[in-house]
Every structure is written in structure tokens, then in C-alpha cells.
Amino acid sequence: MSNTHAWDYLVVTSILSALLALCARFLTNGSKAFTNSEGFKVKAFKEDTRFQRFSHGPEISQKGSEISGNDPYLVQNGRFQELVITQPEQLREFARKDAKDHMKPKNMNLGDCFGRLLGNSVGVQGGRKWAMMRAHFDPGFSRLASMDMVPKFTAEIRHWVANLPKCSSCNSHTANTFFQNASQACRYLPFRLIALTAYGEALNDETYEELLHLNDLHDTLMFDAFFGKWTVSKIFNILPTESRKRMQTFQKGWKKLNHDVIARAKAEGLRSPAKQIYKGVELGDMSETEFLQTMDELLFTNIDVTSTVTASLLINISENQPFQAALREEIAATQSQESYNIKDYIAKKDALLHYAVMESIRMCPALWFSLPEKTAIDKVIEGYYVPAGTTIIIDWKRLNTTPAIWGSDSELFRPERFASMSPMSYRYAFLRFGFGRERCLGKNIAEIMLKIVLISVVQQYDMKPGKNDGIRQDKFTVTSDGEIGFTPIVHV
Ligand code: HEM
């Protein structure tokens with residue numbers, strides 16, 4: 001055999017054996033996937049949960065526990081299969097060794113409309129791109145920058161509290177008590193505070209009005225993205241449909257608004273985090289679409305998340321009268337100290353104020369199930385082999401109420417429980433702003449906002465629960481339809 005032939009032979013046989021090895025690995029791992037050492041496969045949920053996981057979370061959760069007990073189970077999300085985990089040990093294994101390498105599936109497995117709206121936002125990124133984008137977004141939302149917003153937030157929240165009786169969702173009055181639908185009353189407060197944080201001095205009344213107008217359009221787009229049956233399809237979205245027109249109108253308006261605000265901030269030398277963040281686009285670290293979609297993610301997409309968390313907090317406090325009274329006393333006692341400084345009170349981790357926020361987020365997560373994330377390496381979860389690249393979602397409410405960690409009263413709003421628990425004990429049993437390094441960009445402003453809201457409302461009003469129509473089913477977040485009765489406290 002000539003040298004050339006021997007070389008060809010070697011190359012061909014190497015390629016063939018590599019292909020054979022790959023097939024063998026695929027076949028063995030494929031057949032092993034989601035199977036335990038005794039050959040049992042994880043249970044699978046047959047129905048498609050693509051929409052129901054948002055609108056009917058408790059039902060899916062209940063069915064999951066009926067078919068699978070505490071074991072993980074598989075669900076269908078349109079044409080994708082995802083593994084649901086529910087227990088702290090399963091989360092620990094999911095996060096072990098590769099948490100920083102987890103990637104988000106394309107368009108979060110939610111389809112084309114979601115992709116067009118948010119498919120390039122920071123929340124969908126992973127790896128170097130994510131780190132590069134966050135390097136530009138993080139400074140404006142750091143702990144320090146967020147604490148600098150305290151005076152502004154306090155003034156805005158006081159104004160909101162003073163106007164609560166006038167709010168359009170104010171349904172009825174009895175004697176000196178007025179009733180409000182909590183979610184509606186809280187809807188625009190976080191939106192305004194986030195806008196102030198993101199645009200800084202460049203946010204004027206005209207821009208804010210325009211943001212509100214765009215938000216109305218965005219509400220419909222969110223419905224298309226999360227609940228639209230046809231809008232998941234790429235082909236449908238090419239057609240000249242109403243939803244396509246809405247998307248185009250929104251995107252055009254959103255781009256113009258940001259360009260105008262940033263141009264004004266530059267021309268007038270105004271302090272504006274958005275102007276700073278946009279430097280990432282000018283430097284070529286992120287595309288304009290990535291910038292615009294992340295600004296959307298933290299503002300419009302977030303409005304449902306943060307307003308629902310604020311509303312749940314107030315509802316929970318209204319339902320627990322003894323705790324409300326104790327918190328009111330703590331606030332009064334803290335404020336009467338000569339050294340009182342609201343920033344110190346907000347930063348305190350051993351105060352009823354802090355426990356209340358923790359407990360409400362624990363019990364009332366913003367979504368029934370977390371958005372999907374992919375493992376980077378092979379894993380064994382609860383004895384089942386889970387191959388690298390598996391998409392996992394977490395049953396958020398079930399994890400946050402695991403009785404083994406939170407006790408037999410885990411479904412009860414009892415903030416004082418945090419006084420006797422070490423953070424290590426619930427490290428894998430409390431999903432709040434993400435797990436591990438907690439990716440949420442707004443975690444600092446969210447906590448500050450919730451605490452100032454609580455201080456301001458509890459000082460002014462005695463809250464009692466009103467009529468409650470349960471959870472709305474037209475929102476991607478867990479949104480209560482409950483009312484609160486507010487009775488002004490007469491300060492003597
Ligand atoms: C109490 C209210 C909030 C809760 C419970 C919450 C929760 C979360 C969670 C669970 C995630 C996913 C983290 C992950 O993928 O590991 C997230 C991501 C995110 N949140 Fe929040 N959030 C809240 C408020 C806010 C606010 C006020 C903002 C505004 C800046 C915000 C902006 C974002 C962004 C931009 C992401 C994507 C970050 C990334 O993946 O890099 N969130 N949030």
C-alpha cells in the first residue's frame with residue numbers, strides 16, 4: 001500500500017469509528033435518559049402544559065404530584081419536553097458543578113412571538129454574551145445605585161399612598177374604609193419606580209406618558225407571546241396579522257423613545273443609567289435589539305412580576321392582623337430612635353420588615369413554574385439519569401413550601417419563622433430572585449421598593465382583607481384578584 005493510500009485508510013477508519021462511538025453513546029445515553037438504576041423511567045405528563053403552566057399552575061402542580069409523588073416528572077411544552085423538579089435536593093443537584101454554564105433554551109421554548117419580543121434580552125442569554133451585557137446593565141442597578149434611589153422612591157411612594165383613596169380601582173366605601181383591588185392599585189407604582197431608576201433625570205412627564213401608552217400595547221403583546229395559540233408559529237407571524245402590526249408599532253415606538261431619551265440625556269448632560277448602558281451598543285458589546293429588549297424586559301415585562309409581588313405582600317399583611325400590629329409597632333419604634341435612617345432599616349436582615357418581604361415572596365411566587373433552563377453536564381437527579389442539555393423547570397410554589405424545610409405550616413404566612421432559620425437551611429428551598437447567584441437584575445430595587453411600600457402603607461392605614469375572587473387566569477404571573485379594605489389611622 002502506498003503512503004497516500006495508507007493515510008486515506010487511516011482517516012476513513014478514524015472517522016467511522018468516531019461516528020460509531022458517537023452513535024453508541026447516543027443510543028446508550030438515549031435509552032438511559034430519565035431512567036433510574038432499576039430501569040424505571042420518570043413519569044410523563046401527557047397533556048401539553050404550554051399555556052396551562054401560566055394560567056392553571058396549581059392544577060398542573062397537583063397532577064404532577066399525583067403521578068410522580070416527590071420524584072421529578074416530564075411535561076410537554078408545545079413540541080419541547082421539559083423536566084419538572086420540585087424538591088430542594090433536586091435543585092441542589094441541578095445547580096451542582098455547572099450552574100454558571102446553564103443556558104436558556106431558544107426563546108425560552110415559548111415560540112416565535114416571545115422570540116420577536118424578548119428573544120434577545122439578557123434574561124435569555126448565557127455564557128460570555130450574558131456577562132458582557134450584564135457588565136453594562138449592572139452598575140445602574142447595583143446595591144449602591146439602588147440605595148441612592150431611596151429618597152426618590154420614598155417621595156414617589158408617599159405620593160402613591162396619599163392618592164390611594166382616589167385610585168380608579170377603588171370599589172366601595174364603608175364608613176371611613178375604602179376597598180381597593182390590590183393588583184390594580186399596585187400596577188403602575190413599580191413601573192414608575194423602575195422607569196425612574198433606568199432613565200434617571202432624563203425621564204420627564206412627556207416620556208412617562210409615552211411609556212404608559214407603549215405599555216398598553218405591550219400588555220396585548222404579552223398576551224400574544226404567552227397565550228396566543230397561533231403566534232407561537234414563525235409562519236403565522238410572517239402573515240400581515242393584527243398581532244404582527246401591533247408588534248411592529250410597539251417596536252418602532254420603543255426604539256424612538258429610547259433614542260430620544262438618550263439623545264436628550266447626552267445633549268443636556270443629564271444623569272441617566274440608560275445613556276450609560278447604551279454605550280454597550282456604541283462599543284459593539286451588544287446589539288441595539290439586545291439593548292431594547294432588555295430595557296423592555298426590566299420595564300414592561302416586569303410590570304406584572306413586581307406589581308403582583310407588591311399586591312401579594314399587602315394582601316398577606318392585611319390577612320395577618322397580629323403581625324400587622326407588631327410591624328406597625330416596630331416601624332414606630334425604629335423611627336423614634338434618634339439615629340433613625342431609613343436606609344439602615346431597609347438593610348436590616350433581622351427586622352419584621354425584612355421577614356415580611358421574605359415570607360411573602362416565599363409563599364406567593366410571581367410564577368407557578370420557573371422559566372426553563374438547560375443543564376450543561378450529565379446529572380443524576382433523585383436517582384434518575386438526566387443527560388446534559390435537558391431543559392428543567394422548577395415548581396416554584398412547591399419548592400418554596402417544602403414541609404421538610406419550612407415545617408407543617410409551610411403554606412401559612414408567618415414571617416417570624418425567618419428569625420429562627422439560618423439562610424443555609426433554606427438555600428435550595430427558596431427560589432426568590434433566581435437560584436445560586438440570583439440573576440435578577442432588579443433584586444436590589446425590588447427589595448427596597450417593597451420595604452418602603454410596607455413602611456408607608458402600614459403607617460397610614462389599617463388593612464383588612466376584602467372580597468377575593470382568587471387568581472386571575474389571563475396573566476402569565478400569579479395575579480390575585482383580591483381586595484383590601486384600607487382604614488386611615490388617626491395619628492394623635
Ligand atoms: C420582587 C420582584 C421580583 C422578583 C420575584 C424577580 C424574580 C426574578 C427571577 C426569578 C428571575 C430569573 C433569574 C434567573 O434566570 O436565574 C429574574 C430575572 C430578571 N429580573 Fe427580576 N424579579 C423581580 C423584580 C425585578 C425588577 C424590579 C426588575 C427591574 C430591573 C427585574 C429585572 C429582571 C431582569 C432584567 C432579569 C433577567 C436577568 C438575567 O437573566 O440576567 N426584576 N427576576
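The values are calculated or read from the model by the stated rules, or taken from the named source; none is laboratory data. For clarity, every value in this text was computed on a predicted model and none was experimentally measured. When we count neighbours, we look across all protein chains shown, and the Cβ atoms used for this are built from the backbone with ideal geometry, even at glycine.
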Meets criteria (within 24 Å of Ala95 (Cα to Cα), without any contact (Cβ under 8 Å) to a residue 12 or more places away in the chain and among the aliphatic types (A, V, I, L, M)) for Met421: yes
Criterion: more than 16 Å from the ligand (Cβ to nearest atom), within 13 Å of Ile455 (Cβ to Cβ), in a helix (DSSP H, G or I) and among the small types (Gly, Ala, Ser) - qualifying residue of Ala333, Ala325, Ala356: Ala333
Of the criteria (1) modelled with pLDDT of 95 or more; (2) part of a helix (DSSP H, G or I), which one Pro240 fails: (2)
Region 87-134 - residue that is polar (S, T, N, Q) and away from the ligand (no atom under 11 Å from the Cβ) and, of those, nearest to Phe51 (Cα to Cα): Asn109
Selection status of Ser307, crowded, with 21+ Cβ neighbours inside 10 Å, in contact with a Gly (Cβ under 6 Å, 6 or more places away or on another chain) and not aliphatic (A, V, I, L, M): no
Subset of region 259-286 (residues that are assigned to a loop (DSSP other than H, G, I, E, B), out of contact with any helix residue (DSSP H, G or I) (no Cβ under 7 Å at 6 or more places or on another chain) and over 12 Å from His136 (Cα atoms)): Gly269
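Considering region 453-476 alone, what residues qualify as being β-branched (Val, Ile, Thr) and either more than 13 Å from the ligand (Cβ to nearest atom) or surrounded by fewer than 22 Cβ atoms within 10 Å (Cβ to Cβ) (or both)? It would help to see each step written out before you state the result.
Residues of region 453-476 β-branched (Val, Ile, Thr): 453, 455, 457-458, 471.
Residues satisfying the conditions are Ile455, Val457, Val458, Ile471.
Every residue, every condition in (1) among the small types (Gly, Ala, Ser); (2) touching a Pro at 6+ places or on another chain (Cβ under 7 Å); (3) without any contact (Cβ under 8 Å) to a residue 24 or more places away in the chain, yes or no:
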| position | (1), (2), (3) |
| --- | --- |
| Trp406 | no, no, no |
| Asp409 | no, no, yes |
| Arg432 | no, no, no |
| Arg437 | no, no, no |
| Met449 | no, yes, no |
| Val458 | no, no, no |
| Lys464 | no, no, no |
| Val478 | no, yes, no |
| Ile484 | no, yes, no |
Conditions (1) at negative phi; (2) of a type in the set (Asp, Glu); (3) within 15 Å of the ligand (Cβ to nearest atom); number of the one not met by Glu416: (3)
Condition broken by Asp71, with the remaining ones in (1) part of a helix (DSSP H, G or I); (2) acidic (Asp, Glu); (3) surrounded by 15 or more Cβ atoms within 10 Å (Cβ to Cβ) satisfied: (1)
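How many of the residues in region 428-471 are in a helix (DSSP H, G or I) and closer than 22 Å to Phe178 by Cβ?
Within region 428-471, the subset in a helix (DSSP H, G or I) is 443-460.
Keeping just the survivors that are closer than 22 Å to Phe178 by Cβ gives 452-460.
Total satisfying the criteria: 9.
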Filtered residues of region 80-101 (kept if closer than 17 Å to Leu371 by Cβ and surrounded by fewer than 20 Cβ atoms within 10 Å (Cβ to Cβ)): Phe80, Gln81, Ala95, Ala99
Sole residue being modelled with pLDDT of 95 or more, aromatic (Phe, Trp, Tyr) and more than 23 Å from the chain's Cα centre (by Cα), chosen from Tyr426, Tyr385: Tyr385
